[in-house]
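In what follows, a structure is listed as structure tokens, so that the remarks can point back to it.
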Amino acid sequence: MLEIGTKAPDFELPDQNGVMHTLGEYAGQKVILYFYPKDNTPGCTKQACGYSTFKPQFEEKGVHIIGISKDSVASHKRFEEKQGLTITILADTELKAITAYDVWHEKKMAGKVGMGVVRTTYLIDENGIIIKANDKVKAATDPETMLEEM
């Protein structure tokens, strides 16, 4: 996990519609950048749906929400359509942002050890500086917790 006070690494990744996004395009706005393991899994679905539900409240505070996983653009599109998501989700199939943000680690999953995305949420300020970082994220309550911290 990157430290608070660190300049957030820029990225260029496609969203669920294949449109490219960079962190730099959100200069002047706060950004919640959250990394999650996999589309259409219980925890990831609760987290994405929560951010979609609270999106208007985040927008009132000038905050843009971006989710990132290693799933493909097509997987993200199915996830968006199935769950009715209204947030930006980016496909990082080559793990560029995932490694730049230090969220790719060894994990135990179902008794097996392997590499995977550690669910992590960053709050980035208007100048691109990380002002909050959490790698002990509870998927179901992360959106509400972040909204309360605004």
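The table for this structure:
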item: Residues (under 13 Å from the mean Cα position of the chain (by Cα), part of a loop (DSSP other than H, G, I, E, B) and among the hydrophobic types (A, V, I, L, M, F, W, C)) located in the stretch 9-48; result: 11
item: Residue list for the stretch 9-48, restricted to those being closer than 18 Å to residue 64 by Cα and among the basic types (Lys, Arg); result: 30
item: Residue ID - modelled with the lowest pLDDT, chosen from residues in the stretch 101-143 that are of a type in the set (A, V, I, L, M, F, W, C) and surrounded by fewer than 13 Cβ atoms within 10 Å (Cβ to Cβ); result: 109
item: Residue selected from the stretch 9-60 under the condition small (Gly, Ala, Ser) and either touching a His at 6+ places or on another chain (Cβ under 7 Å) or closer than 16 Å to residue 78 by Cβ (or both), by the criterion surrounded by the fewest Cβ atoms within 10 Å (Cβ to Cβ); result: 18
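The values are calculated or read from the model by the stated rules, or taken from the named source; none is laboratory data. Keep in mind that this is a model prediction, so the values were computed, not measured. As a convention, Cβ positions derive from the backbone with ideal geometry for all residues, glycine included, and neighbour counts pool all protein chains shown.
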